[in-house]
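First comes the structure, then the notes that go with it.
The values are calculated or read from the model by the stated rules, or taken from the named source; none is laboratory data. What you see is a predicted model; the values in this text were computed from it and never measured. Methodologically, a virtual Cβ is constructed for each residue, glycine included, from the backbone with ideal geometry; neighbour enumeration extends over all protein chains shown. Heavy atoms of the whole protein, side chains included, go into the accessibility calculation; ligands, DNA and RNA do not. Shrake-Rupley method; radii C 1.70, N 1.55, O 1.52, S 1.80 Å.
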Amino acid sequence: MNERIAAIIKETGIKRVDFAKRLNLSPPYISELCSGKTKPSDRTILDICREFNISENWLRTGSGEMFIQLSRSQEVADFTSRILKGDDLSAVSLQFLHN
């Protein structure tokens, strides 16, 4: 699972510190997850899936697609929610604008 967590960080184009912030986790803990030194709790797995629109099945097993496909209205709602929360949208906005 550590390789898949590292792949999420790479694919989303954010820094580990920003990944940690979005999950309310410490950067050292994220490093431990990526290295395989620590296994994520079920809560952390669910938080990663929710926050980054990741398939739980893919994260746990590697089967299927990494991202859950959202409808355009779901993408707009997610983007709007991130704006209202004050998230750093540098990577998200590029992905959103290209769809």
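So, restricting to helices (runs of 4 or more DSSP H) that lie completely within segment 1-77, which ones have at least 1 residues that are out of contact with any Lys or Arg (no Cβ under 9 Å at 6 or more places or on another chain) and small (Gly, Ala, Ser)? Before you say what the answer is, go through the steps one by one.
Details: elements: 2-12, 16-22, 27-35, 42-52, 56-61.
Output list reads 2-12, 16-22, 27-35.
Evaluated against (1) of a type in the set (D, E, K, R); (2) open to solvent by 60 Å² or more (accessible area, probe 1.4 Å); (3) in contact with a helix residue (DSSP H, G or I) (Cβ under 9 Å, 6 or more places away or on another chain); (4) modelled with pLDDT of 95 or more, ASP88 falls short on exactly one condition, (4). Scanning segment 20-56 for residues that are open to solvent by less than 30 Å² (accessible area, probe 1.4 Å) and among the hydroxyl-bearing types (Ser, Thr, Tyr) yields a count of 2. When PHE67, PHE79 are checked against the criterion of being touching a Ser or Thr at 6+ places or on another chain (Cβ under 9 Å) and modelled with pLDDT of 90 or more, PHE67 stands alone in meeting it. Taking each residue of segment 1-22 that is closer than 14 Å to ASN53 by Cα and among the hydrophobic types (A, V, I, L, M, F, W, C) and looking for partners that are open to solvent by 50 Å² or more (accessible area, probe 1.4 Å) and assigned to a helix (DSSP H, G or I) with beta-carbon atoms closer than 8 Å, six or more apart or interchain, yields ILE9/ARG16.
Can you find a residue that is under 12 Å from the mean Cα position of the chain (by Cα), small (Gly, Ala, Ser), under 23 Å from LYS85 (Cβ atoms) and crowded, with 16+ Cβ neighbours inside 10 Å anywhere in segment 2-19? Looking through segment 2-19, none of the residues is under 12 Å from the mean Cα position of the chain (by Cα), small (Gly, Ala, Ser), under 23 Å from LYS85 (Cβ atoms) and crowded, with 16+ Cβ neighbours inside 10 Å.
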